[in-house]
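Peer 1: Handing you this structure, nothing more for now.
The values are calculated or read from the model by the stated rules, or taken from the named source; none is laboratory data. What you see is a predicted model, and the numbers here were worked out from it, not measured in a lab. Heads up, the Cβs are rebuilt from the backbone with ideal geometry, glycines too, and the neighbour counts pull from every protein chain shown.
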Amino acid sequence: MHFSIPLTHFLLLASSSGGLAQEQEYIKRLRKTDTIPNKGPTYLRADAGAPRKLELLDSDGADGELWNMYVVEQLSSLPTAPSPSPPPTEAPRRCEDVDCTNPEERCDPLDGVCKLLDSIVPCIAIIDESDNFPDSHFDTQWATFRTDYPDRPFCLLRPTSSSTFDRLYLPPAFLNDTRVTFAEVSRDDLGANSPIQPVPTDWFSICGFGIYNGTTVEFIGMFLDTSGSMDQRTVSGSLALFEQNVAIAGLTIEPVFNTREDWITPFLTTLVPSN
């Protein structure tokens, strides 16, 4: 199990003169009109003055009240959105000298063993909550998934929200799985007129998909939650970057669907097109 959750959650704001008190007043005004998650994403506000890095601690009351902030360090410049991941230049070393004689098999870059292609297609699910099912449902579905596809890597990404009611249950067996990656990522849907703008998240790198290319595993199975609490617009920037990275690597996305916040069941199917 691989985690990618920042130890320090922060906002990046460009500060004008006036010190911390003025920055806090700005955050207070901002909080009334913009959703600011209490962990996970990184945001940018392009403005005059030297940018400061501020650490988001906690809300001191009901929704809409002032967030407690403090200056962590002075930054020399604003960071930029991530560039596309570089394409793999060669097959992973584990598969370098492996020749799979069965045309339906490919070398698994995680262990260098020839396996049926459909059994090693990596999966990525993007979902923010899963309130429509009891925990036992996901325990059962994950057990079924691992019985049917013991070698499929699985990457689960959660776009974080400011809501304290959002809940995403992770089965214990999922957390202990060596072919699993879980990370909290940013939401991209604050709107063009928002005074803060998100930086797209590089899902491709977080999920470790750089080991795949068109000569080993050609496909990536993908589930994107569109049940209501999020949709494609929620992660539009990160999704566009991911699709660009997938194309650069010579891979093809095989989408799977579910409208009920079930992020496991859609992958209980073949991910290799019949043609």
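Peer 1: Touching a helix residue (DSSP H, G or I) at 6+ places or on another chain (Cβ under 6 Å) and either among the acidic types (Asp, Glu) or farther than 30 Å from SER136 by Cβ (or both) - does that describe any residue in segment 177-191?
Peer 2: Among the residues of segment 177-191, at least one is touching a helix residue (DSSP H, G or I) at 6+ places or on another chain (Cβ under 6 Å) and either among the acidic types (Asp, Glu) or farther than 30 Å from SER136 by Cβ (or both), which makes the answer yes.
Peer 1: Which residue out of ASP262, ASP225, ASP202, ASP231 is crowded, with 21+ Cβ neighbours inside 10 Å and among the acidic types (Asp, Glu)? Please lay out each step first, then the result.
Peer 2: Numbers: ASP262 fails: crowded, with 21+ Cβ neighbours inside 10 Å; ASP202 fails: crowded, with 21+ Cβ neighbours inside 10 Å; ASP231 fails: crowded, with 21+ Cβ neighbours inside 10 Å.
Going through ASP262, ASP225, ASP202, ASP231 in turn, the sole match is ASP225.
Peer 1: Now a separate question. THR215 is checked against (1) out of contact with any helix residue (DSSP H, G or I) (no Cβ under 7 Å at 6 or more places or on another chain); (2) free of Cβ contacts under 8 Å to residues at least 60 places away in the same chain; (3) polar (S, T, N, Q) and fails just one. What number does that condition carry?
Peer 2: Result: THR215 passes all but (2).
Peer 1: Name the residues in segment 213-222 that are crowded, with 20+ Cβ neighbours inside 10 Å and more than 19 Å from LEU268 (Cα to Cα), would you? Steps first, answer last, please.
Peer 2: Filtering segment 213-222 for residues crowded, with 20+ Cβ neighbours inside 10 Å gives 213, 216-217, 219-222.
ASN213, THR216, listed by residue number.
Peer 1: Is segment 183-196 home to any residue that is basic (Lys, Arg), out of contact with any Gly (no Cβ under 6 Å at 6 or more places or on another chain), surrounded by 21 or more Cβ atoms within 10 Å (Cβ to Cβ) and at pLDDT below 95?
Peer 2: To start, the set of residues in segment 183-196 that are basic (Lys, Arg) comprises 187.
Filter once more, keeping what is out of contact with any Gly (no Cβ under 6 Å at 6 or more places or on another chain): 187.
Narrowing further to those that are surrounded by 21 or more Cβ atoms within 10 Å (Cβ to Cβ): 187.
Pick out the ones that are also at pLDDT below 95 and you get 187.
Taking every residue of segment 183-196 in turn, at least one turns out to be basic (Lys, Arg), out of contact with any Gly (no Cβ under 6 Å at 6 or more places or on another chain), surrounded by 21 or more Cβ atoms within 10 Å (Cβ to Cβ) and at pLDDT below 95.
Peer 1: What pairs come out if I take residues in segment 260-275 that are farther than 16 Å from THR144 by Cβ and pair them with residues that are assigned to a loop (DSSP other than H, G, I, E, B) and modelled with pLDDT of 95 or more whose C-beta lies under 8 Å away, six or more apart or interchain?
Peer 2: Listed pairs, sorted by first residue: VAL272/VAL121.
Peer 1: Let me ask something else about it. Looking at segment 239-259 only, could you name the residues that are surrounded by fewer than 19 Cβ atoms within 10 Å (Cβ to Cβ) and over 15 Å from THR226 (Cα atoms)?
Peer 2: ALA240, GLU243, GLN244, ALA247, ILE248, GLY250, THR252, ILE253, GLU254
Peer 1: I've got another one for you. Tell me whether segment 139-148 contains one or more residues that are within 14 Å of THR216 (Cβ to Cβ), acidic (Asp, Glu) and not in a loop (DSSP other than H, G, I, E, B). Please lay out each step first, then the result.
Peer 2: At the first step, the residues of segment 139-148 found to be within 14 Å of THR216 (Cβ to Cβ) are none.
No, the conditions are met nowhere in segment 139-148.
Peer 1: Restricting to segment 213-264, and then to whatever is more than 15 Å from the chain's Cα centre (by Cα) and among the aromatic types (Phe, Trp, Tyr), can you tell me which residue is farthest from ALA173 (Cα to Cα)?
Peer 2: If we take residues in segment 213-264 being more than 15 Å from the chain's Cα centre (by Cα) and among the aromatic types (Phe, Trp, Tyr), then PHE219 is farthest from ALA173 (Cα to Cα).
Peer 1: Kindly check whether there is at least one residue in segment 93-101 that is surrounded by 12 or more Cβ atoms within 10 Å (Cβ to Cβ), modelled with pLDDT of 50 or more, out of contact with any Lys or Arg (no Cβ under 7 Å at 6 or more places or on another chain) and not aliphatic (A, V, I, L, M). Lay out the reasoning, then the answer.
Peer 2: If we filter segment 93-101 for residues that are surrounded by 12 or more Cβ atoms within 10 Å (Cβ to Cβ), which is where we start, we get 94-95, 98, 100.
Going one step further and asking which of them are modelled with pLDDT of 50 or more, we end up with 94-95, 98, 100.
Imposing the further condition that a residue be out of contact with any Lys or Arg (no Cβ under 7 Å at 6 or more places or on another chain) reduces the set to 94-95, 98.
If we keep only those that are not aliphatic (A, V, I, L, M) as well, we get 94-95.
Checked against the condition, which is being surrounded by 12 or more Cβ atoms within 10 Å (Cβ to Cβ), modelled with pLDDT of 50 or more, out of contact with any Lys or Arg (no Cβ under 7 Å at 6 or more places or on another chain) and not aliphatic (A, V, I, L, M), segment 93-101 yields at least one hit.
Quick grid of which residues meet (1) out of contact with any Ser or Thr (no Cβ under 7 Å at 6 or more places or on another chain); (2) modelled with pLDDT under 90:
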| position | (1), (2) |
| --- | --- |
| PRO200 | no, yes |
| TRP203 | no, no |
| GLY210 | no, no |
| ASP231 | yes, yes |
| VAL235 | yes, no |
| GLU254 | yes, no |
| ASN258 | no, yes |
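Peer 1: Does CYS155 meet the test of being out of contact with any Ser or Thr (no Cβ under 6 Å at 6 or more places or on another chain) and buried (at least 21 other Cβ atoms within 10 Å of the Cβ)?
Peer 2: Details: out of contact with any Ser or Thr (no Cβ under 6 Å at 6 or more places or on another chain): no; buried (at least 21 other Cβ atoms within 10 Å of the Cβ): yes.
So CYS155 does not fit the description; no.
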